[in-house]
Amino acid sequence: MVEVGYVALAVALVLSAYIALGSFVGATRRIPELTLSSRYALYTLPLVLLVASIALIYAFVTHDFSVRYVAEHSNLAMPTAYTWVAFYAGNAGSLLFLTIVFAILSTIAVYTMRRKLPHTAPYATGILGLVATFFMGIIVFMANPLSRMAVVPPDGQGINPLLVHFGMFIHPPVQMTGLISVAIPFSIAIGAMLARRGGRDEWVELGRIWSMISWLILTLGLMLGAWWAYTILGWGGYWAWDPVENSALMPWLAMSAFIHSVMVQRRRGMFRMWNMVIIILAFTLAQMGMFINRGGAVPSVHSFAQSTMGWLFLMFMGVTLVSSLAVFVWRMDSLRSREKLDSALSREGAFLLQNVLFLIVAFVTLWGSIFPVIFEASQGLTVDGVTVTVGKPYFDRINGPILLVIVLVMGIGPIMPWRRATMRNLLRAMRVPLLVGLITGVVMVAIGIREPVAAFAFAVYGIVAAGIFQEWIRGTMSRHRKGENYLVAFGRLLAANRPRYGGYIVHIGILMLAVGATASSFFGIQRDFVMSPGEQASLGGYTFQYLAMERTSFPDRDKDVARFLVASGDKPLGSMEPSRTFYHNFRIGATNAGIRSTPVEDFYIVPSEFNDDGRAVFRVYVTPLVWWMWFSGPVIFLGTLFALSPQRQPAPTTVRFPAGSRAAKA
């Protein structure tokens, strides 16, 4: 079976090269048979890669340790359920996963655009073929997951302990899918330029749909990663601006800018050049993310797919960026728009400002992520024996205020009219949101919040939330006056403009995320406790008693579980069992925090150290409103799906004219 998979990988490489070459030659030489053949080759590619994937899975399930990748990322003690995680636990397997997902997405994208964009589709297919060829070339020649070893070990090394967590069944594949999915809207946009159709805006709707799909996948990957870090890394937080975290955040920011900006192009035919630049930057940042995830020179606690081939991804990124910009310059004249920005005080102006702010945050994050590499390359590995790093304070102090302004513009922009607004009309439309924001700020101060930044942030969130609900209420009332009951009126209001109101639902989710992040960052408390069995302590209104520690030994690890009884005031909350597991082969420890989560706050216990005398060190956190961050994920997901759902088109009507009339004769 392994040999069949090995051959399938070689066939996939040939198919990828043929897709790229055949599509470009067929499009430029106007040979429709060749472009059709290349398209069918793309449809075949996922099936061929599926054969290779099944071969690798079979090797894992049968413990075929003659396959190097299987020996490096599994062992006899590994449960079969973790085969899915082991598949992408290393560099070679993750590349195969990335490529098969990319092939599936590319097939769906090309199938949907073949009729809607007949001129663009061959060029887009060629671009997708080039990307697939790059990945398959690396897999076949440098990172083949099905390569065999001359000496077969009796057992494997085992899976990385940090991946033995429910979140790892979902987070890495979702994040990798999000990064590579940016190639789809990129290929549509560049394909439109190559086909000389960039100025006709026919590609915009399909580009918008695929950019939203990519954005949603990146969003889910980021949130799942934050949840994983919160529950298993044991430091009580969820975001540390780690380079691998940033690797998905940067293209997410660029895609956020593109989604908003392409709506202006869809509505008014503006920002054509700007949108092309944004999607080029988004794909470049996605490639940078794949470079970081490949364990390149940028250090990260999250890099589980370590390799020395990260520089190949960097080189491919450079070639892609230069060639894309060359196409942009070559076709620039076809992208010019007759429409101009009438006024900065307009919805278009607000979207443009938001775009610029998104990109500023992306480049600040990029600079903070790669600065240690640049500095060390210019100065040597260390300075006075200390490795240079860029920490969380840098990102918080620079990006935090910019992100808050983005949220504010997110609330003001949709209220502003297209083309031009006057300050008087804007203030009239913003009266209620500004009043709600003012009241929110006053309430924050009244309940004892003395952090001016936090109070101002919550006031901003009040403005944005009030603006969204004001739009919903006004629209519902308008329909109600025409005879619809309130519930039907609200439902039909949402259905009448799904992209707009689906976007509002997404904005509600973003607000929930921002509220949770702000509250947990400014008002969380933590303390370390050294406790012996039977001792009791308290923090933030919670009382917790350390009962005992139980150790369970497995062939590859020792697991220590601490048992606590917890109460809030006089109300018993039950038991909590945080644990710490030490893996002998990897010489690494993994924690699982004990967490009691409510919409108000989280009570969080994590074991730091267990001593031989029975004493143990625990770090305890009380963190407000974190629950709202996790709940925002489903809200954003549903809002995006609603915005993507097909709009019901009004049925055509037949108008009958009297016989003999002028209209009937015409």
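The values are calculated or read from the model by the stated rules, or taken from the named source; none is laboratory data. Every value quoted in this text rests on a predicted model; they were computed, and no experiment measured them. Methodologically, a virtual Cβ is constructed for each residue, glycine included, from the backbone with ideal geometry; neighbour enumeration extends over all protein chains shown. Just so you know, the surface numbers come from the protein's heavy atoms only, side chains and all, with ligands and any DNA or RNA stripped out. Shrake-Rupley method; radii C 1.70, N 1.55, O 1.52, S 1.80 Å.
Only residues that are part of a helix (DSSP H, G or I), open to solvent by 10 Å² or more (accessible area, probe 1.4 Å) and either under 18 Å from His584 (Cα atoms) or of a type in the set (A, V, I, L, M, F, W, C) (or both): list them for segment 66-77, please.
Across segment 66-77, the qualifying residues are Glu72, His73.
Which one is farthest from Trp330 (Cα to Cα) among residues in segment 229-243 that are open to solvent by 10 Å² or more (accessible area, probe 1.4 Å) and either in a helix (DSSP H, G or I) or at pLDDT 85 or above (or both)?
Thr231
Hey, can you tell me all the residues within segment 426-437 that are more than 33 Å from the chain's Cα centre (by Cα) and open to solvent by 40 Å² or more (accessible area, probe 1.4 Å)? Steps first, answer last, please.
The initial filter retains those residues of segment 426-437 that are more than 33 Å from the chain's Cα centre (by Cα), namely 426-429, 431-432, 435.
Within segment 426-437, Leu427, Arg428, Arg431, Val432, Leu435 meet the criteria.
Residue check: is Tyr18 aromatic (Phe, Trp, Tyr), at pLDDT 95 or above and in a helix (DSSP H, G or I)?
Values: aromatic (Phe, Trp, Tyr): yes; at pLDDT 95 or above: yes; in a helix (DSSP H, G or I): yes.
Spelling it out, Tyr18 is indeed aromatic (Phe, Trp, Tyr), at pLDDT 95 or above and in a helix (DSSP H, G or I).
Has segment 469-481 got any residue that is charged (D, E, K, R), closer than 20 Å to Val622 by Cβ and loosely packed, with under 13 Cβ neighbours inside 10 Å?
Residues of segment 469-481 charged (D, E, K, R): 471, 474, 479, 481.
If we keep only those that are closer than 20 Å to Val622 by Cβ too, we end up with none.
Scanning segment 469-481, I find no residue that is charged (D, E, K, R), closer than 20 Å to Val622 by Cβ and loosely packed, with under 13 Cβ neighbours inside 10 Å, so the answer is no.
Only residues that are without any contact (Cβ under 8 Å) to a residue 60 or more places away in the chain and open to solvent by less than 30 Å² (accessible area, probe 1.4 Å): list them for segment 146-173, please. Walk me through it before giving the result.
Taking segment 146-173 as the starting set, the residues that turn out to be without any contact (Cβ under 8 Å) to a residue 60 or more places away in the chain are 150-151, 166, 170-171.
Listed by number, the list holds a single entry, His171.
Scan segment 600-607 and tell me whether some residue there is under 28 Å from His73 (Cα atoms) and either open to solvent by 50 Å² or more (accessible area, probe 1.4 Å) or polar (S, T, N, Q) (or both). Explain how you work it out, then say what you get.
Taking segment 600-607 as the starting set, the residues that turn out to be under 28 Å from His73 (Cα atoms) are 606-607.
Imposing the further condition that a residue be either open to solvent by 50 Å² or more (accessible area, probe 1.4 Å) or polar (S, T, N, Q) (or both) reduces the set to none.
No; the residues of segment 600-607 include none that is under 28 Å from His73 (Cα atoms) and either open to solvent by 50 Å² or more (accessible area, probe 1.4 Å) or polar (S, T, N, Q) (or both).
Only residues that are open to solvent by 20 Å² or more (accessible area, probe 1.4 Å), part of a helix (DSSP H, G or I) and not polar (S, T, N, Q): list them for segment 329-349, please.
Val329, Trp330, Met332, Asp333, Arg347
Looking at the structure I just gave you, is Val566 open to solvent by less than 60 Å² (accessible area, probe 1.4 Å) and either touching a Gly at 6+ places or on another chain (Cβ under 8 Å) or among the aliphatic types (A, V, I, L, M) (or both)? Walk me through how you get there before you give the answer.
Numbers: open to solvent by less than 60 Å² (accessible area, probe 1.4 Å): yes; either touching a Gly at 6+ places or on another chain (Cβ under 8 Å) or among the aliphatic types (A, V, I, L, M) (or both): yes.
So Val566 fits the description; yes.
Looking at (1) farther than 25 Å from Asn293 by Cα; (2) surrounded by 22 or more Cβ atoms within 10 Å (Cβ to Cβ); (3) polar (S, T, N, Q), which is the only condition Thr80 fails?
With respect to (1) farther than 25 Å from Asn293 by Cα; (2) surrounded by 22 or more Cβ atoms within 10 Å (Cβ to Cβ); (3) polar (S, T, N, Q), Thr80 is out only on (2).
Within segment 532-578, can you find the residues that are touching a residue at least 12 places away in the same chain (Cβ under 8 Å), on the phi < 0 side of the Ramachandran plot and not in a strand (DSSP E or B)?
Listed by number, the residues that qualify are Ser532, Pro533, Phe554, Pro555, Asp556, Glu577, Pro578.
Considering only residues that are open to solvent by less than 30 Å² (accessible area, probe 1.4 Å) and closer than 18 Å to Thr598 by Cβ, which ones fall in segment 505-516?
Residues satisfying the conditions are Met512, Gly516.
Might you let me know whether segment 107-116 holds any residue that is free of Cβ contacts under 8 Å to residues at least 60 places away in the same chain, touching a helix residue (DSSP H, G or I) at 6+ places or on another chain (Cβ under 8 Å) and closer than 23 Å to Leu56 by Cα? If you could, list the steps in order and put the result at the bottom.
Taking segment 107-116 first, the residues free of Cβ contacts under 8 Å to residues at least 60 places away in the same chain are 108, 115.
If we keep only those that are touching a helix residue (DSSP H, G or I) at 6+ places or on another chain (Cβ under 8 Å) too, we end up with none.
Among the residues of segment 107-116, not one is free of Cβ contacts under 8 Å to residues at least 60 places away in the same chain, touching a helix residue (DSSP H, G or I) at 6+ places or on another chain (Cβ under 8 Å) and closer than 23 Å to Leu56 by Cα, which makes the answer no.
Go over the candidates Met410, Met416, Met423 one by one and state the one that is surrounded by 15 or more Cβ atoms within 10 Å (Cβ to Cβ) and at pLDDT below 90. Walk me through it before giving the result.
Details: Met410 fails: at pLDDT below 90; Met423 fails: surrounded by 15 or more Cβ atoms within 10 Å (Cβ to Cβ).
Testing whether each residue is surrounded by 15 or more Cβ atoms within 10 Å (Cβ to Cβ) and at pLDDT below 90 leaves just Met416.
Residue by residue through segment 482-501, note down the ones that are under 26 Å from Leu435 (Cα atoms) and either in contact (Cβ under 8 Å) with a residue 40 or more places away in the chain or surrounded by 14 or more Cβ atoms within 10 Å (Cβ to Cβ) (or both). Show your work before the answer.
Taking segment 482-501 and keeping what is under 26 Å from Leu435 (Cα atoms), we get 486, 490, 493-494, 500-501.
Once the filter is applied, which keeps residues that are under 26 Å from Leu435 (Cα atoms) and either in contact (Cβ under 8 Å) with a residue 40 or more places away in the chain or surrounded by 14 or more Cβ atoms within 10 Å (Cβ to Cβ) (or both), segment 482-501 yields Phe490, Leu493, Leu494, Arg500, Tyr501.
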